[in-house]
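A.B. asks: Please read through the structure below; I'll follow up with questions.
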Amino acid sequence: MADVPWHENLTEPVAAGVYRIPLPLPSDGLRAVNVYVVADGAGLTLIDAGWAVAGSLERLEKGIGALDHDLGAIRRILVTHVHRDHYSQAVHLRRLFGSGVCLGAGERLSLERLLDIRTNVAVDALPLLRRAGAAHLVSDVRRLGLLEPFRPEDWEHPDRWLTAGTLELPGRVLTVIPTPGHTRGHVVFLDPAAGLLFAGDHVLPHITPSIAFELAPPELPLGRYLDSLRLIASYPDATLLPAHGPAGGSVHRRVDELIAHHHDRFAECVRALDAGAATAAEVASHLGWTRRRRSLDELDAFNRMLAVLETLAHLDVLVSRSQLSVVQDGEITRFARVG
């Protein structure tokens, strides 16, 4: 299977009793979301469940069929975070087959807020765009949300809220590790005995996860993310099983790369300020985006929004480190070097 693109494999064995099934994402540059199947004599455990979109459940059924099981064998679903490409299909599987759904306790506030306001747009993050000097993007993001109606059937509370500690499966013990950053309640699952980390979106092999675009956004989300990376680095190294991209490789090596990337990004932000930028939107326009180093204007509206918010997150961390000062100009925050 090594020659098959990671998002086209049907059912890929990644370790003894563990399989990766990539499921489709609609019009998404990430290509697919990985669902991991943990098999034991008592049935199946899923880690993440995919997005409840056309073709996803059928592909999951086919992938599990390759293991001589059907969807009814899924006993439990462990979800790394509440984003719909990970969580929404878990709700549908529970409705169809009674599978138990588990989610990190830190996601409770975000999920309850979502059930209350019933929208696909993380409206709580929109004031951050105004603060970043990018008020013009607010209407663009709202329009994107209107293109895709909210589906209340995709969202329910889990059966169990997970906290830090051990989780026993038949023949396997996982360590639940809260890793806030990408979302406020993201968790990863470490299998110490097998040397595996089911990393969700916390550690990805080719990209850095988005930061700051969520309901009820916390203070300093990037600071939390960097702390979570260092936390993962404090555990013994393991094989990376990410939610997007191919499985394999060293968790520690990728964590080091991610920390180095953000260190470089802080330096780029400071250079942009030295060149005359003052708002997060202006700084973002000085930076390169994606691995191709595209300009901000080359991105679509959604990714321009993510870029501006991530730039704001970097600048806020530099303020927390006393490296930048701020001046509030109405809704807009302007940044400057200290000293």
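The values are calculated or read from the model by the stated rules, or taken from the named source; none is laboratory data. Everything quoted here is computed from the prediction, not taken from an experiment. Methodologically, a virtual Cβ is constructed for each residue, glycine included, from the backbone with ideal geometry; neighbour enumeration extends over all protein chains shown.
A.B. asks: If you check E298 against the conditions, is it acidic (D, E) and touching a strand residue (DSSP E or B) at 6+ places or on another chain (Cβ under 9 Å)? Explain how you work it out, then say what you get.
C.D. replies: Numbers: acidic (D, E): yes; touching a strand residue (DSSP E or B) at 6+ places or on another chain (Cβ under 9 Å): yes.
Yes.
A.B. asks: Would you please list the contacts, defined by Cβ atoms under 8 Å and residues six or more apart or on different chains, that run from a residue in segment 106-125 that is free of Cβ contacts under 8 Å to residues at least 60 places away in the same chain to a residue that is among the aliphatic types (A, V, I, L, M)?
C.D. replies: Once the first residue is free of Cβ contacts under 8 Å to residues at least 60 places away in the same chain and sits in segment 106-125, its partners that are among the aliphatic types (A, V, I, L, M) give L111/V82; L111/L103; V121/V141; V121/L144.
A.B. asks: Any residue in segment 16-27 that is part of a loop (DSSP other than H, G, I, E, B), over 21 Å from P149 (Cα atoms), modelled with pLDDT of 90 or more and more than 22 Å from the chain's Cα centre (by Cα)? Outline the logic, then answer.
C.D. replies: Within segment 16-27, the first condition is being part of a loop (DSSP other than H, G, I, E, B), and the residues that meet it are 16-17, 25-27.
Retained after the next criterion (residues that are over 21 Å from P149 (Cα atoms)): 16-17.
With the extra rule that they be modelled with pLDDT of 90 or more, the set shrinks to 16-17.
Filter once more, so that each one left must be more than 22 Å from the chain's Cα centre (by Cα): 16-17.
Within segment 16-27 (the criterion being part of a loop (DSSP other than H, G, I, E, B), over 21 Å from P149 (Cα atoms), modelled with pLDDT of 90 or more and more than 22 Å from the chain's Cα centre (by Cα)), the answer is yes, since at least one residue qualifies.
A.B. asks: When you go through A125, A193, A134 one by one, which is the residue that is farther than 18 Å from W51 by Cβ and surrounded by fewer than 16 Cβ atoms within 10 Å (Cβ to Cβ)? It would help to see each step written out before you state the result.
C.D. replies: Values: A125 fails: surrounded by fewer than 16 Cβ atoms within 10 Å (Cβ to Cβ); A134 fails: surrounded by fewer than 16 Cβ atoms within 10 Å (Cβ to Cβ).
Every option except A193 fails the conditions.
A.B. asks: Another question about this same structure. Tell me which residues, restricted to segment 257-283, are of a type outside the set (A, V, I, L, M, F, W, C), touching a residue at least 40 places away in the same chain (Cβ under 8 Å) and not in a helix (DSSP H, G or I).
C.D. replies: If the condition is that a residue be of a type outside the set (A, V, I, L, M, F, W, C), touching a residue at least 40 places away in the same chain (Cβ under 8 Å) and not in a helix (DSSP H, G or I), then T279 is the only one that fits.
A.B. asks: Right, something else. Any residue at all in segment 166-177 that is among the β-branched types (V, I, T), part of a helix (DSSP H, G or I) and without any contact (Cβ under 8 Å) to a residue 60 or more places away in the chain?
C.D. replies: Narrowing segment 166-177 to residues among the β-branched types (V, I, T): 166, 173, 175-177.
Checking the rest, the ones that are also part of a helix (DSSP H, G or I) come to none.
Checked segment 166-177: no residue is among the β-branched types (V, I, T), part of a helix (DSSP H, G or I) and without any contact (Cβ under 8 Å) to a residue 60 or more places away in the chain.
A.B. asks: Being surrounded by fewer than 23 Cβ atoms within 10 Å (Cβ to Cβ), at negative phi and not in a strand (DSSP E or B) is the filter here; which residues of segment 61-82 pass it? Spell out the reasoning first.
C.D. replies: Let us first name the residues in segment 61-82 that are surrounded by fewer than 23 Cβ atoms within 10 Å (Cβ to Cβ), namely 61-63, 65-73, 75-76.
Okay, now just the ones that are also at negative phi, so 61-63, 65-67, 69-73, 75-76.
Hits for segment 61-82 are E61, K62, G63, G65, A66, L67, H69, D70, L71, G72, A73.
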